[in-house]
Amino acid sequence: MDARLDLFTNPVLTKFIKHLNSAARVAMSVGIPPSTLELMELRISQINGCAVCVDMHSKDLAHHGETAVRINLVATWREATVYTEAERAALALAEAGTRIADAAGGVPDDVWLNATKHYNEEQLGALVAVVAGINTWNRLNVITQQPAGDYVPGQWG
């Protein structure tokens, strides 16, 4: 598959991506384990069918020591016993925030309230930012048909 646009040479998208990357770094500074954020990004990318991001996040998780079981079961996290309650709350928020078109009311109150049991206000802001950010990346990649499979862990920083 050939990409419709090169995200890194298109002058508009290059500027947009620069700002998107800067915004994404903010979420990494509030004390949420990086593996939790990466699991959220993997799950959201699975939902959105973004092969580039599924490739990247699954490989980065493995590279940073995450087990194959936890990486492979993230698509079925509700039934899997390998996630903490805080991770489950983050994954539920990630899914609800991604599937907003599927639920007329947006993110259900019970999902949000469960997240507040595990994360402070600053961390909740970071979780929301991660959901918004990876959904943006997924859309960029899917719309422009970016090919996947050759990502090397750490390639993008």
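The values are calculated or read from the model by the stated rules, or taken from the named source; none is laboratory data. What you are looking at is a predicted structure, and each value in this text was computed from that prediction instead of being measured. Backbone-built Cβ (ideal geometry, glycine too); neighbour counts: all protein chains shown. All accessible areas refer to the heavy atoms of the entire protein, side chains included, with ligands and DNA or RNA removed. Shrake-Rupley method; radii C 1.70, N 1.55, O 1.52, S 1.80 Å.
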Could you list, in sequence order, the residues of the range 5-40 that are acidic (Asp, Glu) and either open to solvent by 40 Å² or more (accessible area, probe 1.4 Å) or more than 22 Å from Ala90 (Cα to Cα) (or both)? Asp6
Could you list all residues from the range 11-41 that are at pLDDT below 95 and assigned to a loop (DSSP other than H, G, I, E, B)? Met28, Ser29, Val30, Gly31
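Given the options Ala68, Ala23, name the one that is in contact (Cβ under 8 Å) with a residue 40 or more places away in the chain and more than 11 Å from the chain's Cα centre (by Cα).
On the way: Ala68 fails: in contact (Cβ under 8 Å) with a residue 40 or more places away in the chain.
On inspection, the qualifying residue turns out to be Ala23.
Of all helices (runs of 4 or more DSSP H) completely enclosed by the range 51-157, which ones contain at least 2 residues that are among the aliphatic types (A, V, I, L, M), at pLDDT 95 or above and open to solvent by less than 50 Å² (accessible area, probe 1.4 Å)?
On the way: elements: 51-63, 68-73, 85-98, 109-118, 121-143.
Here the list reads 51-63, 85-98, 109-118, 121-143.
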What are the residue pairs meeting all of these: first residue in the range 47-62, first residue under 17 Å from Glu95 (Cα atoms), second residue hydroxyl-bearing (Ser, Thr, Tyr) and part of a helix (DSSP H, G or I), Cβ atoms under 8 Å, and 6 or more apart or on different chains? Ile47/Thr98; Asn48/Thr98; Cys53/Ser45; Val54/Ser45; His57/Ser45
